[in-house]
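Novice: Got a structure for you, questions after.
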Amino acid sequence: ETAAWAFDVIVRRIQNQQGIQGGFFVQPREITELAVKLLDATSGSVYDPYAGVCSYAIMLDDKCAYYGQEFCTPAYVAGKLNLLINGKNNARLDRCISTEHWCGIEENNFDYIISTPPFGLRLSNSTNHVNTAELDLLVRASKDVRKRRIE
C-alpha cells in the first residue's frame, strides 16, 4: 500500500514539474473515480484500449478482470509497475496500438469498455474513417454496444 502511494506521488510530481495537470501519464484521480463509479462494474471483464498507467484497473473492483492496451513506452512501463505495485493479479496490460488491434466485445467478449483516449491525437490509418483517437474509440465502442444488444 505504501509503495502504491509512493508510485502515485512520484508520477504526479514528475507531471507537476513539467507543468502537466493529468494527461500524458495520468488523468486527475477524480475523473477516474467518477468513471469507475458510473461504470458500476462489480464483476465481469473490462477492456481499456488506451490504458496509460492503468488507473482504471487500480480503482476497479477486484472481481473484475481487466485488460489494457498501451503503445507509448513510458506509459506502458509505468502501467506495468502500477499493476505490480498494487497487486492487481486480475489485470493484464499489453503493449500494442488499439487503433490497429481493437479487442472490443466481439473479439474477446468483454463485458465493459472504459478508457480515456489521448484527446486530439491524430490518426493516420484509422479503419473507421475518423481522424482522432477519441472519435475512433467512440465509433468502435458504439459498434460493440450495438452488437452486444443484438445478441
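Novice: Does segment 64-77 hold any residues that are within 12 Å of V53 (Cα to Cα) and at pLDDT 85 or above, and which are they?
Specialist: G68, Q69, E70, F71, Y76, V77
Novice: Does segment 60-74 include one or more residues that are touching a Cys at 6+ places or on another chain (Cβ under 9 Å), closer than 23 Å to L135 by Cα and among the polar types (S, T, N, Q)?
Specialist: Yes: segment 60-74 contains one or more residues that are touching a Cys at 6+ places or on another chain (Cβ under 9 Å), closer than 23 Å to L135 by Cα and among the polar types (S, T, N, Q).
Novice: Let me ask another. Quick check on my filter: what residues within segment 50-71 are touching a Lys or Arg at 6+ places or on another chain (Cβ under 8 Å), buried (at least 24 other Cβ atoms within 10 Å of the Cβ) and in a loop (DSSP other than H, G, I, E, B)?
Specialist: C54, E70
Novice: Between a first residue in segment 35-47 that is modelled with pLDDT of 90 or more and of a type in the set (A, V, I, L, M, F, W, C) and a second residue that is in a helix (DSSP H, G or I) and open to solvent by 60 Å² or more (accessible area, probe 1.4 Å), which pairs have beta carbons less than 6 Å apart while being 6 or more apart in sequence or on different chains?
Specialist: Hits for this filter: V36/M59.
Novice: From G87, G52, G120, G104, grab the single residue that is modelled with pLDDT of 90 or more and of a type in the set (G, A, S).
Specialist: Residue meeting the stated conditions: G87.
Novice: May I pose another question? If you check T127, T99, which single one turns out to be β-branched (V, I, T), open to solvent by 20 Å² or more (accessible area, probe 1.4 Å) and at pLDDT below 90?
Specialist: Result of the check over T127, T99: T127.
The values are calculated or read from the model by the stated rules, or taken from the named source; none is laboratory data. Please read all numbers here as calculations on a predicted model, not as lab measurements. Please note: Cβ atoms are built from the backbone with ideal geometry, for glycine as well, and neighbour counts cover all protein chains shown. Accessible surface is based on the protein model in full, side chains and every heavy atom, while ligands, DNA and RNA are left aside. Shrake-Rupley method; radii C 1.70, N 1.55, O 1.52, S 1.80 Å.
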